[in-house]
Amino acid sequence: MSKLRFGFVGAGSIMRTHAEQLAQRDDVTLAAIADVAEGAVKASADKYNIPARYTAFEEMFAKEGLDVAVVAVPNAWHAPATLAALNAGCHVLCEKPPALNAAQAQEMADTAA
């Protein structure tokens, strides 16, 4: 079985919580990370040996061929990041609340389906 390639949207404390657990799995590769804060990207990527580093999640999804995206950014970015990940063919783990309103949540659910 090949390893699942994970990418992270967000490089802060919530991302690190997920990375701590995922890094212990033999069936996972921590492949990419994106955050607008370049210093946070570097710190988290260095800590978890994540090779691909981006300041735009759109670019990460366009280039990396990820299997799973972990969306761990402020609430206002949950829907845009999740939709970008889904449209790139990723499975998504999104922090809560998933969206700012019911219309965004519905669009996310429809895109996932």
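Numbers at a glance
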item: Percent RCO, i.e. relative contact order, over the chain, from Cα pairs under 8 Å lying at least 6 residues apart; result: 25
item: Distance between the stretch 81-113 and the stretch 34-70 - C-alpha centres, whole angstrom; result: 19
item: Pairwise FRET efficiency - ALA76 versus THR55, Cβ, R0 = 22 Å, nearest 0.05; result: 0.80
item: Identified option (computed Kirkwood radius over Cα pairs in Å; candidates [x] 15.2; [y] 13.8; [z] 17.5); result: [y]
item: Percent carbon-and-sulfur accessible area, the chain, ignoring ligands, DNA and RNA, probe 1.4 Å; result: 53
item: Helix-derived mean residue ellipticity, 222 nm - over the chain, DSSP H n ≥ 4, -39500 (n - 2.57), to 500; result: -13000 deg cm²/dmol
item: Per residue accessible area in Å² of the chain, where ligands, DNA and RNA are left out and the probe is 1.4 Å; result: 54
item: Relative packing of peptides 26-33, 14-21, 105-112, 78-85 - highest average C-beta neighbours within 10 Å first; result: 78-85, 26-33, 14-21, 105-112
item: For VAL92, distant residues with modelled amide H under 5 Å away; result: ALA69
item: Pair LYS96, ALA62: separation of 7 Å Cα→Cβ label points (nm); result: 3.5
item: Charge-dipole axis of the stretch 4-113 as Lys and Arg at +1 and Asp and Glu at -1 on Cβ define it, positive-most pick from MET108, VAL92, VAL70; result: VAL70
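The values are calculated or read from the model by the stated rules, or taken from the named source; none is laboratory data. Just so it is clear, the structure is predicted and the values come from calculations on it, not from any experiment. Positions of Cβ are backbone-derived with ideal geometry, glycine not excepted, and every protein chain shown enters the neighbour counts. Note: areas computed on protein heavy atoms with side chains; ligands, DNA, RNA excluded. Shrake-Rupley method; radii C 1.70, N 1.55, O 1.52, S 1.80 Å.
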